[in-house]
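The values are calculated or read from the model by the stated rules, or taken from the named source; none is laboratory data. Keep in mind that this is a model prediction, so the values were computed, not measured. Cβ placement follows ideal geometry from the backbone for every residue including glycine, while neighbour counts extend to all protein chains displayed.
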RNA sequence: GGGCAAGUGGUGGAAUGGCAUACACGCAGGACUUAAAAUCCUGUGGCCGUAAGGCUGUGUGGGUUCGACUCCCACCUUGCCCACCA
């Protein structure tokens with residue numbers, strides 16, 4: 001029977017059906033067995049699966065099947081991240097119901113995944129848009145609310161005009177909406193936040209436990225949480241009682257501070273400029289900056305703009321009076337929204353000072369330009385050096401001064417104490433903690449997570465606003481707050497739920513008078529922050545997840561997904577896990593032990609995407625070559641973490657290889673019995689056995705150590721080549737139907753290829769295994785083969801001979817040969833002698849089993 | 001501006017201190033065929049040479065080493081991430 005396209009489809013469908021019927025991939029908790037949880041980032045159901053999905057899920061599937069064969073109890077679930085904007089956009093554009101559209105996409109996607117033959121436990125499938133799932137979102141939200149981790153606050157938020165909704169900091173990329181790329185602007189709004197910053201220390205500290213995550217993801221998270229050590233310095237406003245707190249990591253430059261800059265949004269600004277001659281002009285400037293888009297404001301190349309307040313501040317270390325400015329380059333979101341400017345040692349301050357002709361003073365000597373004057377500077381010196389013009393700290397290295405000055409400021413009163421009048425201000429200031437110059441402090445970059453979205457297709461936030469009782473949570477017994485259907489979605493006028501009277505108008509759970517339901521929905525990243533826990537007991541209707549099941553299955557042993565989630569999703573998931581630990585629902589700190597970020601799939605050097613129009617439909621490939629060839633091709637073409645350049649001819653190659661394997665079993669596999677001891681083997685037999693064991697070793701190590709599927713597959717190709725060679729050489733000794741020992745060895749090698757290849761191309765391997773008389777219910781139940789060290793031994797090894805590091809010959813020796821013996825052998829060799837040209841031997845290096853290097857005088 | 005990753009034949013890639021280019025694609029030649037496809041065999045970094053063989057060769061320049069694709073320093077290029085973060 002030929003391995004035709006028709007035959008491939010029959011085989012693939014046959015085995016997919018068998019897996020389903022025999023429940024091969026249904027996971028059961030079994031404390032007697034060691035578990036293994038392998039998980040892929042679940043897809044957004046946008047329709048058909050694309051090559052990115054195929055790659056992601058094929059990688060994880062190989063791992064899952066490999067672990068199954070190694071005897072682990074494997075949990076490998078799949079589901080759909082089904083809430084989100086595309087469904088709403090489709091509703092606006094095509095006038096279809098988001099729920100209907102989403103379910104259509106899910107069906108299509110599920111079918112695509114099944115066609116690939118992935119080893120999912122479909123009984124655990126979840127969809128985040130089902131009330132059976134999102135009710136637990138609401139439950140979690142209530143638990144967070146109880147503990148003060150979910151709160152409502154009015155503040156300036158990121159607003160995307162394109163999506164007509166708010167965005168989390170993490171969703172703003174270069175000042176633009178991560179989804180639609182619209183400019184993000186700031187708006188004052190009352191919104192729901194999650195207090196992720198309560199965990200900032202743990203989110204940073206526990207990164208140390210993630211030794212099996214890619215370093216760059218850990219670094220990205222580290223930078224995002226952004227802990228910086230520095231000093232809060234208290235500057236008093238001259239002739240007023242106000243204190244301006246500035247944060248700096250460069251306390252060593254405090255004596256070089258020549259002006260103060262406030263962010264335009266700084267709360268003290270209005271107060272400070274009130275009644276001053278330039279008030280109007282200043283307020284106009286602030287308004288102008290406020291109207292600017294975030295990306296423009298945050299662009300580093302932009303000319304820095306500012307305006308003087310006319311007010312002055314007193315430097316606590318020396319009583320120096322310096323001007324207070326307002327400028328767009330200082331951001332309210334970071335630090336205290338106020339900085340001390342040191343133009344000589346900070347490039348931003350330098351540019352600003354040049355622009356507005358503000359004074360500067362050098363306080364760190366640049367060793368490359370000693371004695372340079374302030375007016376001759378062309379850039380700020382940000383490097384290390386010795387302090388000058390810094391009172392008692394002059395002469396100290398700036399690195400040490402950072403610490404020393406911080407300590408000194410924390411322990412001593414400011415210069416203006418006692419100098420200010422009237423006297424009563426002193427007591428007032430001390431009460432505010434300003435009896436010292438500054439305070440060593442830590443600032444974080446991480447902000448609380450804004451989760452309100454003015455969208456329809458998401459989890460309703462389970463809160464009710466009552467005029468009498470304030471914000472009241474929906475009682476647990478009333479969950480879920482079901483998302484109403486048949487809503488008109490126009491894409492305009494804010495949250496569509498606002499217009500749904502039966503949803504909005506409710507009775508207050510506390511006073512039972514009329515009240516209004518919250519109409520914002522949760523950001524969809526909420527849904528995906530805990531779905532891995534839900535899979536542990538996906539059908540449990542009584543609780544968010546089963547503690548016992550989660551204790552058994554969690555944490556996820558291997559997580560596979562795209563690098564694009566390196567910050568958002570992974571950070572949020574880590575936060576939720578820590579929250580569940582505090583709730584007492586889990587007993588571990590981190591959800592994902594090992595993380596693999598697969599590379600992108602490219603076509604003609606560009607990322608494959610719908611908008612570029614360079615996609616290759618996996619379905620078309622399956623139609624022509626089958627799922628196995630597609631899987632093999634995508635695994636063989638590149639290591640999983642690298643970018644993968646799609647090429648049609650590569651599938652052709654995989655298909656040819658599977659064909660060869662098919663015909664190998666069809667034509668060369670002849671049932672035979674018996675066993676051949678090593679002593680009875682000739683050289684060819686030993687070589688075949690060695691090739692077989694080498695392949696077992698290599699494939700096992702390549703899969704488990706670095707997920708080097710491409711080299712694992714190539715070693716199987718090598719074994720196949722060896723089998724062909726062996727068969728051709730042994731032709732005469734192997735008559736058709738022969739019961740010879742050669743046939744036994746050959747069969748063994750063929751069975752090994754099929755077993756080792758089965759995680760990569762499961763359908764064809766199941767079929768061939770069955771043909772060869774395997775009687776297990778599935779090949780994943782066959783134990784993974786082990787290799788024998790003795791069989792790897794060679795009787796003779798080839799040694800490379802070098803003269804002065806250059807390859808000059810080879811020799812075959814016993815592996816046990818001593819250095820003395822080989823030295824004698826090499827030096828006696830006529831060819832080597834020719835290269836030595838009689839020069840005296842200086843050194844002889846022997847790397848056992850590999851190489852000998854004769855070192856003589858050059859020339 | 002900062003961080004990370006990468007740079008190897010015509011192509012995808014292999015080798016992490018010891019034979020550079022495994023394995024595959026492509027290409028060329030051959031076998032089979034009336035022919036084509038498929039399949040099988042052989043060859044395939046560059047230069048010189050009929051050959052044996054020699055020289056050269058992993059982005060560039062230096063260094064360490066008996067020996068460097070691999071380690072160190074500097075630079076160039078590309079990709080990704082972050083970015084007026086005080």
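Check off (1) near RNA strand B (Cβ under 10 Å from one of its atoms); (2) buried (at least 16 other Cβ atoms within 10 Å of the Cβ); (3) in a loop (DSSP other than H, G, I, E, B) for residue A:654 and give me the number that stays unchecked.
Here residue A:654 meets the rest and fails (3).
Among the residues that make up the range A:608-619, is at least one of them away from RNA strand B (no atom under 14 Å from the Cβ), assigned to a helix (DSSP H, G or I) and touching a residue at least 40 places away in the same chain (Cβ under 8 Å)?
yes
Out of all the residues in the range A:482-501, which are outside any loop (DSSP other than H, G, I, E, B) and either under 33 Å from the mean Cα position of the chain (by Cα) or under 18 Å from residue A:84 (Cβ atoms) (or both)?
Listed by number, the residues that qualify are A:496, A:497.
With A:563, A:567, A:634, A:622 as the choices, which residue is within 12 Å of RNA strand B (Cβ to nearest atom) and buried (at least 21 other Cβ atoms within 10 Å of the Cβ)?
A:634
If residue A:226 satisfies all but one of (1) farther than 27 Å from residue A:384 by Cβ; (2) modelled with pLDDT under 90; (3) within 15 Å of RNA strand B (Cβ to nearest atom), what's the number of the condition it fails?
(1)
Counting only residues that are part of a loop (DSSP other than H, G, I, E, B) and near RNA strand B (Cβ under 6 Å from one of its atoms), how many does the range A:657-669 have?
0
Given (1) within 10 Å of RNA strand B (Cβ to nearest atom); (2) touching a residue at least 12 places away in the same chain (Cβ under 8 Å), identify the lone condition not met by residue A:145.
With (1) within 10 Å of RNA strand B (Cβ to nearest atom); (2) touching a residue at least 12 places away in the same chain (Cβ under 8 Å) applied to residue A:145, the lone miss is (1).
Are any residues in the range A:787-822 more than 12 Å from RNA strand B (Cβ to nearest atom), in contact with a helix residue (DSSP H, G or I) (Cβ under 7 Å, 6 or more places away or on another chain) and not in a helix (DSSP H, G or I), and if so, which ones?
The answer is A:787, A:788, A:813.
Would you check if residue A:387 is touching a helix residue (DSSP H, G or I) at 6+ places or on another chain (Cβ under 6 Å) and either at pLDDT below 90 or more than 16 Å from RNA strand B (Cβ to nearest atom) (or both)?
It is true that residue A:387 is touching a helix residue (DSSP H, G or I) at 6+ places or on another chain (Cβ under 6 Å) and either at pLDDT below 90 or more than 16 Å from RNA strand B (Cβ to nearest atom) (or both).
Do you know which residues across the range A:172-209 are closer than 15 Å to residue A:574 by Cβ, within 15 Å of RNA strand B (Cβ to nearest atom) and touching a residue at least 40 places away in the same chain (Cβ under 8 Å)?
Those that are closer than 15 Å to residue A:574 by Cβ, within 15 Å of RNA strand B (Cβ to nearest atom) and touching a residue at least 40 places away in the same chain (Cβ under 8 Å): A:197, A:200.
With the requirement that a residue be farther than 22 Å from residue A:142 by Cβ and in a loop (DSSP other than H, G, I, E, B), what does the range A:540-582 give you?
A:554, A:555, A:566, A:567
Taking the criterion of being buried (at least 18 other Cβ atoms within 10 Å of the Cβ) and without any contact (Cβ under 8 Å) to a residue 12 or more places away in the chain, would at least one residue in the range A:515-528 satisfy it?
The answer is no; no qualifying residue exists.
Output the residues belonging to the range A:236-257 that are buried (at least 20 other Cβ atoms within 10 Å of the Cβ) and either within 13 Å of RNA strand B (Cβ to nearest atom) or free of Cβ contacts under 8 Å to residues at least 12 places away in the same chain (or both).
A:244, A:246, A:247, A:248, A:250, A:251, A:252, A:253, A:254, A:256, A:257
Within the group A:283, A:340, which residue is within 30 Å of residue A:186 (Cα to Cα), in a strand (DSSP E or B) and touching a helix residue (DSSP H, G or I) at 6+ places or on another chain (Cβ under 9 Å)?
Among A:283, A:340, only A:340 is within 30 Å of residue A:186 (Cα to Cα), in a strand (DSSP E or B) and touching a helix residue (DSSP H, G or I) at 6+ places or on another chain (Cβ under 9 Å).
Residue A:699 fails exactly one of the following numbered conditions: (1) within 12 Å of RNA strand B (Cβ to nearest atom); (2) without any contact (Cβ under 8 Å) to a residue 60 or more places away in the chain; (3) within 20 Å of residue A:628 (Cα to Cα). What is the number of that condition?
Failed condition: (1).
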